[in-house]
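Data first, discussion second: the structure below is written as structure tokens.
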Amino acid sequence: MARVKVSEAEKVYILHGIRDDLRVDGRSCEDYRHMEVETDVVSNTDGSARVSLGHTAVLVGIKAEIGKPRPLVPDEGYLEFFVDCSANATPEFEGRGGEELGIELSNTLYRVFNNRSSVDLKSLCISAGEHCWVLYVDVLLLQCDGNLYDAISVAIKAALFNTKIPRVHMSSDEEGGKEVELSDDPFDCVRLNVESVPCIVTLCKVGHRHVVDATLQEKACSVASLIIAVTHRGTVTCAKKMGGGSLDPESIFEMTEAGKRVGKALHAPLMKLLQQEESLGKKRQKVGFLG
């Protein structure tokens, strides 16, 4: 993870501000930085999205391919995650540093999204035990200024909303075997229901309080963090503690409640924005991830 060095005087200034619910950039403890979301930015994918959160920028592309269901769940499809930490985001991502962080992010994303409570995996099944859709989710970190998990989760939800899966028709050959036929019509596709797809809220313990969407400077003053995946109903689907410090039970309870409150409030404006952008159709002005 990208880090910055903060002097003792800067730490005191940040700690006192957070104590009084006034952060360095003017936000309160439960406020996000300015967020921009754009979908359909990569042409050779089935769904894509770009998200910028402050100076953190993430690009997500999704490819749908036909695969074989897993033996334990023969009537479900599944998602695979790969995170590429670009060395352009921060010099710390060069070599093994970026590779280790990418594996850590991929494992956490798998726990958050690849379950029945997050994505309707049964809708990805084509023929039980034989064929299913596998969604390959590729995440590229373009710029890093803290709070990667939140930005990535919003980008994945937006990309899943934008994903168009070709409609499948099953037919039988002369020998009685099943054949899979994909529709040639680009408009004859299936969309995923992303209403229950969670968003991740990262809360950092700074002093005696906790903050949402911490910058790298605030992260340097934090002893520990709590990552919470929250659905639009405020249900927690996954929680993970990070950092070398400890969290007492009272802090964990307060941070969980704050995460549920912030996460639940994040879904409605995000879905409204995605639906408004899609309603524009070809009139939508494309900015692109280099815009």
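I'm trying to understand the selection: among the residues of the range 1-16, which are surrounded by fewer than 20 Cβ atoms within 10 Å (Cβ to Cβ) and of a type outside the set (V, I, T)?
M1, R3, K5, S7, E8, A9, E10, K11, Y13, L15, H16
Would you tally the residues in the range 22-38 being farther than 25 Å from E92 by Cβ and open to solvent by 60 Å² or more (accessible area, probe 1.4 Å)?
Qualifying residue count, the range 22-38: 3.
Could you grab me the full set of residues in the range 129-144 that are in a loop (DSSP other than H, G, I, E, B) and either open to solvent by 70 Å² or more (accessible area, probe 1.4 Å) or of a type in the set (S, T, N, Q) (or both)?
Residue satisfying the conditions is E130 alone.
In the set T215, T231, T202, which member is under 22 Å from the mean Cα position of the chain (by Cα) and at pLDDT below 90?
On inspection, the qualifying residue turns out to be T215.
Quickly run through the range 143-199 and pick out the residues that are of a type in the set (A, V, I, L, M, F, W, C), over 19 Å from C125 (Cβ atoms) and within 18 Å of the chain's Cα centre (by Cα).
Answer for the range 143-199, where residues must be of a type in the set (A, V, I, L, M, F, W, C), over 19 Å from C125 (Cβ atoms) and within 18 Å of the chain's Cα centre (by Cα): C144, L148, A151, I152, V154, A155, I156, A158, A159, F161, C199.
Taking V41, is it in contact (Cβ under 8 Å) with a residue 60 or more places away in the chain, open to solvent by 20 Å² or more (accessible area, probe 1.4 Å) and under 28 Å from I165 (Cβ atoms)?
Yes, satisfied.
Do we find a residue being more than 23 Å from A220 (Cα to Cα) and of a type in the set (K, R) anywhere in the range 90-109?
Checked the range 90-109: no residue is more than 23 Å from A220 (Cα to Cα) and of a type in the set (K, R).
Looking at the range 110-118, can you tell me whether even one residue there is free of Cβ contacts under 8 Å to residues at least 40 places away in the same chain, open to solvent by less than 40 Å² (accessible area, probe 1.4 Å), over 30 Å from G207 (Cβ atoms) and not hydroxyl-bearing (S, T, Y)?
Yes, some residue in the range 110-118 is free of Cβ contacts under 8 Å to residues at least 40 places away in the same chain, open to solvent by less than 40 Å² (accessible area, probe 1.4 Å), over 30 Å from G207 (Cβ atoms) and not hydroxyl-bearing (S, T, Y).
Show me the strands (runs of 3 or more DSSP E) entirely contained within the range 145-211 in which 1 or more residues are of a type outside the set (D, E) and open to solvent by 60 Å² or more (accessible area, probe 1.4 Å).
164-166, 168-172, 178-182, 189-191
Looking at L216 and the list (1) in contact (Cβ under 8 Å) with a residue 24 or more places away in the chain; (2) more than 23 Å from V41 (Cβ to Cβ); (3) surrounded by 22 or more Cβ atoms within 10 Å (Cβ to Cβ), which single condition is not satisfied?
L216 satisfies every listed condition except (3).
Looking at D40, D21, can you tell me which residue is in contact with a helix residue (DSSP H, G or I) (Cβ under 9 Å, 6 or more places away or on another chain) and on the phi > 0 side of the Ramachandran plot?
D40
Determine, yes or no, whether I126 is assigned to a helix (DSSP H, G or I) and at pLDDT below 90.
no
For the range 239-251, what are the residues that are open to solvent by less than 70 Å² (accessible area, probe 1.4 Å) and either over 16 Å from the mean Cα position of the chain (by Cα) or modelled with pLDDT under 90 (or both)?
Scanning the range 239-251 gives M242, G243, G245, L247, S251.
I'm checking my understanding of the structure. Among residues of the range 96-109 that are closer than 17 Å to Y149 by Cβ and open to solvent by 60 Å² or more (accessible area, probe 1.4 Å), which one is modelled with the highest pLDDT?
N107
The values are calculated or read from the model by the stated rules, or taken from the named source; none is laboratory data. Because the structure is predicted, anything quoted here is derived from the model rather than measured. Note that we place each Cβ from the backbone using ideal geometry, even for glycine, and neighbour counts take in every protein chain shown. Side chains included, ligands, DNA and RNA excluded: accessible areas come from the protein's heavy atoms. Shrake-Rupley method; radii C 1.70, N 1.55, O 1.52, S 1.80 Å.
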